[in-house]
Ligand code: FRU
């Protein structure tokens with residue numbers, strides 16, 4: 001049992017007991033509480049992100065069931081509609097036409113007699129291999145983990161099993177398959193987070209499943225009967241914690257196909273707690289073989305976890321992460337809602353010193369939110385110059401992008417008049433980027449929150465570029481075309497209203513700053 005499960009188990013039991021007494025199911029009670037927050041004020045709360053998706057009310061962690069289907073992006077998410085702390089997991093649901101503006105949808109999956117609905121994925125079963133389609137309609141099939149809290153409490157080791165549910169109305173309503181679970185636990189406590197895709201060369205479904213300290217691959221002809229193919233990673237990568245939320249994707253570099261396996265790990269991340277590592281290699285329908293034994297991280301920051309990619313996007317691979325860390329996700333000081341997703345990121349491969357790396361950059365659709373783009377002349381960045389003047393809104397959400405012909409030490413300081421500051425920079429002597437949130441605002445809620453997060457520089461080019469996505473309480477840094485990334489949340493007393501760039505020995509050129517519209521207005 002994870003420590004957070006122990007803390008939360010008691011709360012969940014109380015919630016269940018309370019619902020029992022009121023004669024309502026937890027699900028119904030959840031719907032009630034989600035509606036309590038007034039639509040207009042829901043998205044105006046202090047710290048509420050304006051350019052990122054977050055739940056209208058209550059708790060979220062992992063993104064689930066990401067899929068582009070018939071022109072709509074679906075985001076399902078781990079959700080507890082009764083509270084702002086983790087509890088009996090449901091799948092919440094939101095949809096988008098453009099990856100940046102989202103519409104809240106009714107809860108998709110509720111806990112049942114087999115347990116809570118933990119993380120998983122959704123596929124469009126075009127060939128109706130499952131037989132769950134009707135009248136020529138393609139079923140959307142959700143493959144998820146049923147987590148049985150009673151089994152967990154009684155000391156059983158088989159309380160996590162894989163189940164399916166299907167929808168014939170674009171994900172609006174779901175029917176659970178009558179013979180769940182479809183993949184039974186062989187006796188591994190941590191046995192969860194199925195991510196499924198169609199492996200066309202062998203006409204079969206392929207599932208990556210987190211099985212404690214490794215990933216196990218399964219295949220199926222019909223999404224109902226699963227056969228074990230192979231295991232990966234027992235002796236590779238980070239092992240400071242349990243492996244979770246895998247995703248196996250294929251990407252091309254210079255015309256050559258590679259396979260990339262994403263694996264979240266908690267704890268054991270490079271800056272403490274939760275983080276997502278990846279492996280680049282080959283996959284033959286049975287086995288994943290990495291190109292080398294180096295551990296790489298998709299994002300070194302403390303607040304990008306459990307990220308996976310959307311299905312249905314063809315060669316374009318779009319990644320979405322949970323902007324949280326299990327070290328303090330249950331304590332961050334938001335009121336009616338807790339935690340959010342990262343900006344969707346486009347993944348690509350880049351080669352550096354003969355090795356292949358995964359690069360992430362904000363999706364181009366984020367540009368649709370730009371109100372205008374201001375160019376800041378590098379020569380104007382004299383000591384003390386305040387770039388924030390071009391943003392003209394507070395609290396501010398904006399993107400910033402600059403290039404430099406020769407990378408040296410620099411610092412960007414976001415500050416408010418209360419003396420709080422968030423410092424973003426590059427340390428040339430140690431060849432690493434950093435985000436220092438030690439004085440960025442409230443950090444009283446967890447001893448493990450304040451501090452500096454570092455990302456080693458991977459690129460060896462002389463020149464460099466930096467992209468930032470800044471929102472009311474989050475920052476995402478993408479350096480060198482997205483090779484070295486850092487995501488961090490922060491909670492200032494008052495919104496930041498100053499942005500100073502300190503780059504004494506370095507020329508900043510092509511700086512562009514774009515204030516972003518709120519996605520909720
Ligand atoms: C990752 C995770 C998953 C699990 C879910 C439960 O953050 O622990 O492994 O399915 O969260 O909410």
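The values are calculated or read from the model by the stated rules, or taken from the named source; none is laboratory data. None of the values given here were measured: they were computed from a predicted structure. Glycine gets a Cβ as well: all are built from the backbone with ideal geometry, and neighbour counts include every protein chain shown.
Summary of values
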quantity: Top-ranked residue in region 226-259 [being more than 16 Å from the ligand (Cβ to nearest atom) and closer than 23 Å to residue 78 by Cβ; ranked as surrounded by the most Cβ atoms within 10 Å (Cβ to Cβ)]; calculated: 248
quantity: Single residue of 269, 307, 321 found to be surrounded by 22 or more Cβ atoms within 10 Å (Cβ to Cβ), assigned to a loop (DSSP other than H, G, I, E, B) and within 16 Å of the ligand (Cβ to nearest atom); calculated: 269
quantity: Residue within region 242-253 that is outside any strand (DSSP E or B) and more than 15 Å from residue 287 (Cα to Cα) present; calculated: no
quantity: Those strands (runs of 3 or more DSSP E) lying entirely in region 406-465 with at least 3 residues at pLDDT 95 or above, outside the structural domain of residue 496 (by TED's automatic domain parsing) and farther than 19 Å from residue 502 by Cα; calculated: none
quantity: Test result for residue 223, closer than 23 Å to residue 178 by Cβ and away from the ligand (no atom under 16 Å from the Cβ); calculated: yes
quantity: Qualifying residue in region 175-191 (condition: assigned by TED's automatic domain parsing to the domain that holds residue 131, within 16 Å of the ligand (Cβ to nearest atom), within 22 Å of the chain's Cα centre (by Cα) and in a strand (DSSP E or B)); calculated: yes
quantity: Residues located in region 51-67, provided they are in contact with a helix residue (DSSP H, G or I) (Cβ under 9 Å, 6 or more places away or on another chain) and away from the ligand (no atom under 16 Å from the Cβ); calculated: 51, 56, 57
quantity: Within region 192-213, tally of residues that are more than 14 Å from the ligand (Cβ to nearest atom) and surrounded by fewer than 24 Cβ atoms within 10 Å (Cβ to Cβ); calculated: 10
quantity: Output for region 372-385, where each listed residue is farther than 14 Å from residue 504 by Cβ and surrounded by 13 or more Cβ atoms within 10 Å (Cβ to Cβ); calculated: 373, 374, 376
quantity: Every residue from region 97-121 that is assigned to a strand (DSSP E or B) and more than 12 Å from the ligand (Cβ to nearest atom); calculated: 103, 104, 105, 106, 107, 108, 109, 112
quantity: Output for region 68-93, where each listed residue is touching a residue at least 60 places away in the same chain (Cβ under 8 Å), away from the ligand (no atom under 16 Å from the Cβ) and surrounded by fewer than 22 Cβ atoms within 10 Å (Cβ to Cβ); calculated: 68, 69, 70, 72
